[in-house]
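*Asks:* One structure follows; several queries about it will come next.
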Amino acid sequence: MLRQRLQQKLLQKLSPQQILLMKLLQIPANELEQRIKQEIEENPALEADTFENQSEDFEGNKAEESPDEPDIQESTDDLHDDFDVEDYYKSEDEIPEYKLQIDNRSRDEERKEIPFSTGISFHELLKQQLGMQHLDEKKRKIGEYIIGNIDDSGYLQRSVDAMVDDLAFMQNLEVKKEDVEEVLSIIQEFDPPGVGGRNLQECLLIQLKHKMKTEDSETLEIAYKILKRYFNEFTKKHYEKIMKRLNITEQQLKEALDVILSLNPKPGNSLGETSRTNQYIIPDFTITNNNGELELTLNTWNMPELRVSQTYSAMLNDLAKSKKRKAEKETFSFIKKKMDSAKWFIEAVKQRQNTLYITMKAIMDYQREYFLTGDETKLRPMILKDIADIVGMDVSTISRVANSKYVQTPFGTFLLKSFFSESMKKDDGEEVSTREVKTILKNLIENEDKKKPLTDEQLMKALREKGYPIARRTVAKYREQLGIPVARLRKELNN
């Protein structure tokens, strides 16, 4: 039976301005510039101005407010204010230009440019070498298709059978499996050595074949046999089995392993270090130690200065005074919408800077001992809620700030979220960070006897002796998080 009734519901909806701010908070410094450029392209009412074109009013305002220390009293409520049309009717004297701009750098601040290296790419190098081969049109197409299926590490990511089918269906080229394998063998002779391997074993064998063409030694032959016949035993470090089956001494095995370990498991990356597009980490924050006083700087070197277009302001003012306002209602509405959007974006960027600064300032103060010394054992247990309570913001906001942001310190550049960790209690009741436990675990493994590496059980006992009551499965979890293999795989032969 259908009924009609009144019902009250309490709903919370985010305004477009809040959504914009949340999205900007997630963007790291190296992506913010592109986001600003995109907004400028989409909104003609938003302009980016160079410092030389700034007004005297703007310079006066900049002297009062340091760009490195944003006004932390400003609230996100500013983004929710309604913009009255009358705001746009005032003359330029009533609206100083600095109110429509965001200050991002000082006149004396050094502007740094990030260098990008250029050169031939990995795949272009392979295609160049393919072009030097005396191949017919059919084999050339096969070669180009094979190169297209080689990843940046130098490995072939497609099986020969699959490539035969692909060439038939996609390029209408009927080929046999033997044709593809023949061209693949040619590509595997290219530089860098090891390229075109279908797995790690084949990649290393290709490199050994290259070496054996110019060198003739028993050590190379033993290394080749190990990779060809006993690759599984090699990966599991069953050295005794290898010595017994090849009837070689421990010294011979060690020399062969030294050759194998000198090979490149990712041959494509050897070229990529200088020729591929480099991925630079641009820190969002910089912390410096000035005679025992920590100083925090927000990275704003690549941010243009934003302002609302004065041309659009004049157009809106003229339309407001025009007697044909009703006839030009759509034009008036369009311009007002674009100007509102530009003003919201400028305010959102400014609020983003404020939020980032006060959040990082709270983290810096909370972990003061670490940032002064660089000693990871000085890191205090810290979760998102700890910082949220200090700055008076929601945990989700702190999470967005910490995500994908980097901080440059005197001890290196680190991902911001790496400073957050759970706590555990020592035997004496002291609360310590789990990162401190990982640091001690890492030190234990680094100083162990590599001929007899410590098992997880032995590592657990060693940690308990130091006052850290930790279970064996927790040791295994921390070890895996540190990227450290099990004891058997850490074993090394005598030097």
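The values are calculated or read from the model by the stated rules, or taken from the named source; none is laboratory data. None of the values given here were measured: they were computed from a predicted structure. FYI the Cβ positions are ideal-geometry reconstructions off the backbone, even for glycines, and counts take in every protein chain you see.
*Asks:* On the basis of being out of contact with any Leu (no Cβ under 8 Å at 6 or more places or on another chain), farther than 19 Å from Asn264 by Cβ and either of a type in the set (A, V, I, L, M) or assigned to a helix (DSSP H, G or I) (or both), does Asp179 make the cut?
*Replies:* yes
*Asks:* Hey, another quick one. Output the residues belonging to the range 311-328 that are more than 17 Å from Glu42 (Cα to Cα) and either modelled with pLDDT of 75 or more or surrounded by 17 or more Cβ atoms within 10 Å (Cβ to Cβ) (or both).
*Replies:* Ser313, Ala314, Met315, Leu316, Asn317, Leu319
*Asks:* A follow-up question, please. Under the condition of being modelled with pLDDT of 85 or more and assigned to a helix (DSSP H, G or I), which residue from the range 479-492 is nearest to Asp456 (Cα to Cα)?
*Replies:* That would be Arg479.
*Asks:* I want to confirm something. Restricting to the range 182-193 and keeping residues that are among the charged types (D, E, K, R) and assigned to a loop (DSSP other than H, G, I, E, B), which single residue is surrounded by the most Cβ atoms within 10 Å (Cβ to Cβ)?
*Replies:* Top of the filtered list is Glu189.
*Asks:* Looking only at residues that are part of a helix (DSSP H, G or I) and of a type in the set (Ser, Thr, Tyr) in the range 232-265, which one is nearest to Pro192 (Cα to Cα)?
*Replies:* So the residue we want is Thr235.
*Asks:* Residues to consider are Lys176, Lys236, Lys244; find the one that is surrounded by fewer than 16 Cβ atoms within 10 Å (Cβ to Cβ), of a type in the set (Lys, Arg) and not assigned by TED's automatic domain parsing to the domain that holds Asn264.
*Replies:* Step by step, each of Lys176, Lys236, Lys244 is checked, and only Lys176 is surrounded by fewer than 16 Cβ atoms within 10 Å (Cβ to Cβ), of a type in the set (Lys, Arg) and not assigned by TED's automatic domain parsing to the domain that holds Asn264.
*Asks:* Tell me, yes or no, whether the range 455-462 has at least one residue that is touching a helix residue (DSSP H, G or I) at 6+ places or on another chain (Cβ under 6 Å), surrounded by fewer than 16 Cβ atoms within 10 Å (Cβ to Cβ), of a type in the set (Asp, Glu) and farther than 30 Å from Gln351 by Cα.
*Replies:* Looking for residues that are touching a helix residue (DSSP H, G or I) at 6+ places or on another chain (Cβ under 6 Å), surrounded by fewer than 16 Cβ atoms within 10 Å (Cβ to Cβ), of a type in the set (Asp, Glu) and farther than 30 Å from Gln351 by Cα, one finds at least one in the range 455-462, hence yes.
*Asks:* Same structure again: For Ser404, state whether it is in the same structural domain as Thr474 (by TED's automatic domain parsing) and touching a Leu at 6+ places or on another chain (Cβ under 9 Å).
*Replies:* no
*Asks:* Could you list all residues from the range 266-293 that are charged (D, E, K, R), modelled with pLDDT of 85 or more and part of a loop (DSSP other than H, G, I, E, B)?
*Replies:* Those that are charged (D, E, K, R), modelled with pLDDT of 85 or more and part of a loop (DSSP other than H, G, I, E, B): Lys266, Asp284.
*Asks:* Output the qualifying pairs, or none if there are none: Cβ atoms under 9 angstrom, residues six or more apart or on different chains, first residue in the range 442-454 and at pLDDT 85 or above, second residue β-branched (Val, Ile, Thr) and part of a helix (DSSP H, G or I).
*Replies:* Matching pairs, first to second residue: Pro453/Ile445; Leu454/Ile445.
*Asks:* Only one of (1) assigned to a helix (DSSP H, G or I); (2) buried (at least 18 other Cβ atoms within 10 Å of the Cβ) is not met by Tyr468, so which one is it?
*Replies:* Condition not satisfied by Tyr468: (1).
*Asks:* Looking at the structure I just gave you, is Glu480 surrounded by fewer than 18 Cβ atoms within 10 Å (Cβ to Cβ) and within 22 Å of Ser418 (Cα to Cα)?
*Replies:* Here the answer is yes, as Glu480 does meet what is asked.
*Asks:* Do you know which residues across the range 159-176 are part of a helix (DSSP H, G or I) and over 16 Å from Gly143 (Cβ atoms)?
*Replies:* Selection gives Asp161, Ala162, Asp165, Ala168, Phe169.
*Asks:* Only one residue in Leu167, Leu125 is at pLDDT below 90, over 22 Å from Asn264 (Cα atoms) and of a type outside the set (Phe, Trp, Tyr), so which one is that?
*Replies:* Sole residue among the options that is at pLDDT below 90, over 22 Å from Asn264 (Cα atoms) and of a type outside the set (Phe, Trp, Tyr): Leu167.
*Asks:* Considering only the range 194-222, how many residues are in a loop (DSSP other than H, G, I, E, B) and surrounded by 21 or more Cβ atoms within 10 Å (Cβ to Cβ)?
*Replies:* Result for the range 194-222: 3.
*Asks:* Additional query: Among the residues of the range 441-461, what is the count of those that are in a loop (DSSP other than H, G, I, E, B) and either touching a Pro at 6+ places or on another chain (Cβ under 6 Å) or β-branched (Val, Ile, Thr) (or both)?
*Replies:* Result for the range 441-461: 1.
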